[in-house]
Amino acid sequence: MEKVKNVFYGCSSGIAVISAVGYIVIICICIFDVFLDKLFGTPIPGTYELIERCMATAVFSSYAYTQVKKGHINMMVVIERLPRALRLILLGLVGLLSAATAGYAGYAAWTQTGTSMRMGYMTSILSIPLWPFYLLQTITLYLFAIVLLLDMLYIFVAIKSDKINEIVIEDYGMVIPEPKVKAGSE
């Protein structure tokens with residue numbers, strides 16, 4: 001299972017490069033657009049369309065990597081105070097629900113890809129086909145769902161395995177309170 005996890009975590013890191021490049025392109029487009037507008041009075045045609053496509057690409061490409069780094073917002077302050085089994089069951093169920101949501105969103109993006117290809121949808125100014133962007137969203141959402149499922153499996157295994165439990169605690173940055181020692185039991 002560790003090998004499978006490493007493969008998908010590696011894919012997530014690779015796709016995160018697309019996200020970083022997308023943000024760099026957005027910055028460059030904005031700088032050049034303002035520069036050309038102020039200097040020559042002619043902004044880059046279709047700037048809004050370019051930035052919109054780059055933004056969608058950058059955002060969707062970052063989801064799986066953010067999950068790998070456990071950077072998504074969570075409620076650990078509440079969950080970490082619960083008993084181990086309950087804490088892990090709740091965390092696993094949230095992972096399962098999140099994976100189902102990401103999978104369904106991936107399916108919706110896949111449907112949108114097909115529709116966009118059949119209908120020939122393009123941006124209005126630059127006539128950029130939209131289907132490649134929807135396809136990338138599909139791939140990144142399915143990768144996100146797979147990473148969530150792998151994390152969920154680890155969480156459920158941690159219910160019975162102390163070693164995996166320590167990994168989950170470290171991954172999610174939980175602060176597990178020490179058990180209280182009753183007076184006179186020392």
Problem - Output for segment 89-133, where each listed residue is closer than 15 Å to VAL147 by Cβ and modelled with pLDDT of 95 or more - result: LEU96, LEU97, SER98, ALA99, ALA100, THR101, ALA102, GLY103, ALA105, GLY106
Exercise for the section: Would you list the helices (runs of 4 or more DSSP H) that sit entirely within segment 1-86 and hold 1 or more residues that are in contact (Cβ under 8 Å) with a residue 60 or more places away in the chain and among the small types (Gly, Ala, Ser)? Expected result: 2-40, 47-68
Practice task
Among the numbered conditions (1) farther than 22 Å from PHE60 by Cα; (2) more than 23 Å from the chain's Cα centre (by Cα), tell me where GLY173 comes up short.
Solution key: (2)
Exercise for the section: State whether the residues of segment 139-156 include one that is buried (at least 19 other Cβ atoms within 10 Å of the Cβ), out of contact with any Asp or Glu (no Cβ under 7 Å at 6 or more places or on another chain), among the polar types (S, T, N, Q) and touching a residue at least 12 places away in the same chain (Cβ under 8 Å). Expected result: yes
Exercise for the section: Would you point out which residue out of VAL168, VAL175 is among the aliphatic types (A, V, I, L, M), crowded, with 18+ Cβ neighbours inside 10 Å and over 21 Å from ALA16 (Cα atoms)? Expected result: VAL168
Handout entry: Of all residues in segment 1-57 being farther than 23 Å from ILE128 by Cβ and among the small types (Gly, Ala, Ser), the one that is surrounded by the fewest Cβ atoms within 10 Å (Cβ to Cβ)
Key = GLY41
Exercise for the section: Could you please let me know if SER116 is over 17 Å from the mean Cα position of the chain (by Cα), of a type in the set (S, T, N, Q) and not in a helix (DSSP H, G or I)? Expected result: no
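The values are calculated or read from the model by the stated rules, or taken from the named source; none is laboratory data. This is a predicted model, so every value here is computed, not measured. All Cβ positions, even for glycine, are placed from backbone atoms using ideal geometry, and neighbour counts span all protein chains on display.
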